[in-house]
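Just so you know, all these numbers are worked out from the coordinates, no wet-lab data involved. Quick caveat: nothing in here was measured; it's all calculated off a predicted structure. All Cβ positions, even for glycine, are placed from backbone atoms using ideal geometry, and neighbour counts span all protein chains on display.
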Amino acid sequence: MLGQSGFRLSEEVKRTKIKFELVNNLVVLPVKVNGTPLNFILDSGVNATILFAFKEVDSVEIKNVKPVKLKGLGEGGSVDALRSEGNLLEIGETRNNLSTLYVIFDEDLDFSTRMGTSINGIIGFDFFKNFIVKTNYVSKSISVYDPATYVPKKCRKCETFPLVFNQRKPYVTLRDTFSGDPSEHVLLVDSGSSDALWLFDQSGHIDSIQKNFFDDFLGLGLSGNVYGKRSKLPSFQFGSFGLDNVKVAFPDARFLENIRQFQERDGSIGGDLLKRFTVTMDYAGKKMTLKKNANFKTPFHYNMSGLVIEHDGMVLIRNFEDQNNATISNKREQETNGMVTINLGTIVTKLLAPRYVIAEVRKDSPADLAGLKIGDVVINVNGKSAQRYRLHELVAMFSSEAGKKISLQIERNGVRSTLKFKLKKVI
């Protein structure tokens with residue numbers, strides 16, 4: 001199953017370490033595509049390398065193309081794409097001289113706006129298959145080893161799980177996973193999902209009388225938005241690792257038609273659960289090894305505001321007229337999250353900052369009851385300019401603690417107003 005083509009470590013290199021950015025529980029890696037530096041999500045749940053979001057880069061060379069159709073998670077159908085062969089991909093000291101890419105030009109597929117950082121693609125099986133890959137979510141680094149020379153360290157606190165592959169995706173089988181349920185559950189190991197756990201069968205977990213769930217936007221897939229129910233499991237047994245009050249999502253069945261090609265699959269394990277471990281993936285050996293890390297006991301949170309905010313381009317906030325002020329703008333950039341300074345010749349310096357807009361409002365949520373609407377531009381958050389926040393910091397704020405007061409100054413149809421609400425525990 002696992003061939004010898006694909007990524008290789010540079011000559012005489014047996015191990016390399018690559019730093020990554022952790023955004024919304026997802027690993028974002030620097031990747032060069034035919035020499036152009038880009039950012040990719042490291043996603044064990046995809047079996048192909050996908051490139052998109054061209055509007056964020058001047059140009060990317062792609063080779064030997066032909067049109068194809070792709071299907072993925074979401075409410076839409078297939079999407080138009082190009083299959084491109086013979087590309088050079090470089091990640092740290094690893095490279096693949098004959099990489100196959102699937103290139104999507106659909107502008108609606110834009111992970112960057114929802115994550116607040118540039119995302120140009122997704123890579124999974126093609127990178128994992130020839131290496132031992134250890135993901136350290138605490139140090140935010142991955143260590144890549146040559147399997148021929150890799151010697152695992154003895155680890156009494158580690159647990160190794162066998163993996164089964166279907167269509168180049170890894171699945172783990174868990175037993176006695178839920179309290180009072182001794183059956184087996186086959187779950188996709190999906191590092192490209194920001195949630196902790198997805199389950200396809202909600203029976204035994206969702207209680208309409210006790211109302212232990214709420215309807216919500218779950219995420220963006222290749223074929224569009226995904227909606228479903230959110231709840232919490234009193235306990236979840238991951239081998240010998242026991243976790244309490246685990247966040248779980250139940251996607252609506254209509255969104256699964258494009259992805260449930262493996263009939264035994266019962267759901268997915270995502271980044272919010274994986275980040276609680278150091279995860280070592282050995283595709284050739286068909287196994288995954290976990291070791292608890294400092295995140296293990298961190299409570300599972302969900303968005304208590306009901307808001308989904310996205311990055312909607314940049315706005316001009318300063319316009320400096322000389323080089324002395326240009327120095328000030330550069331200093332200001334260092335102090336400000338997400339701001340970008342653009343020097344135009346030697347005369348004018350423009351300081352740009354992210355523009356945030358509301359993309360989703362959950363019905364009957366605190367934000368909805370406060371009067372916030374899709375399309376509102378967020379100007380200030382709790383008295384602080386929205387441009388001073390990274391998008392994932394706003395996501396964390398909205399998932400922090402019940403009762404927390406939130407004050408948003410927004411602009412709607414050219415009129416500014418301030419709306420207030422408190423984060424409310426739903427389940």
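Results, tabulated for the structure shown:
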{"item": "Ratio Rg/Rh [Cα only; Rh per Kirkwood] for the stretch 8-145", "result": "0.95"}
{"item": "Cβ-Cβ FRET estimate between Asp312 and Asp207, R0 fixed at 56 Å, reported to 0.05", "result": "0.90"}
{"item": "Difference of contour (0.36 nm per residue) and Cα-Cα distance, Lys422 to Phe200", "result": "76.8 nm"}
{"item": "Gain on full stretching of the segment that runs from Val138 to Asp176 - 0.36 nm per residue minus C-alpha separation", "result": "10.8 nm"}
{"item": "Gain in span if fully extended, Val164 to Val186, counting 0.36 nm per residue against the direct Cα distance", "result": "7.0 nm"}
{"item": "Cβ-derived FRET efficiency at R0 30 Å, Lys405 paired with Asn47, nearest 0.05", "result": "0.10"}
{"item": "Distance histogram in 5 Å bins (all Cα pairs of the stretch 137-224, percent per bin)", "result": "2, 8, 12, 18, 20, 17, 11, 7, 4, 2, 1, 0"}
{"item": "Largest-first principal axis extents, alpha carbons of the stretch 158-292, Å", "result": "43, 33, 25"}
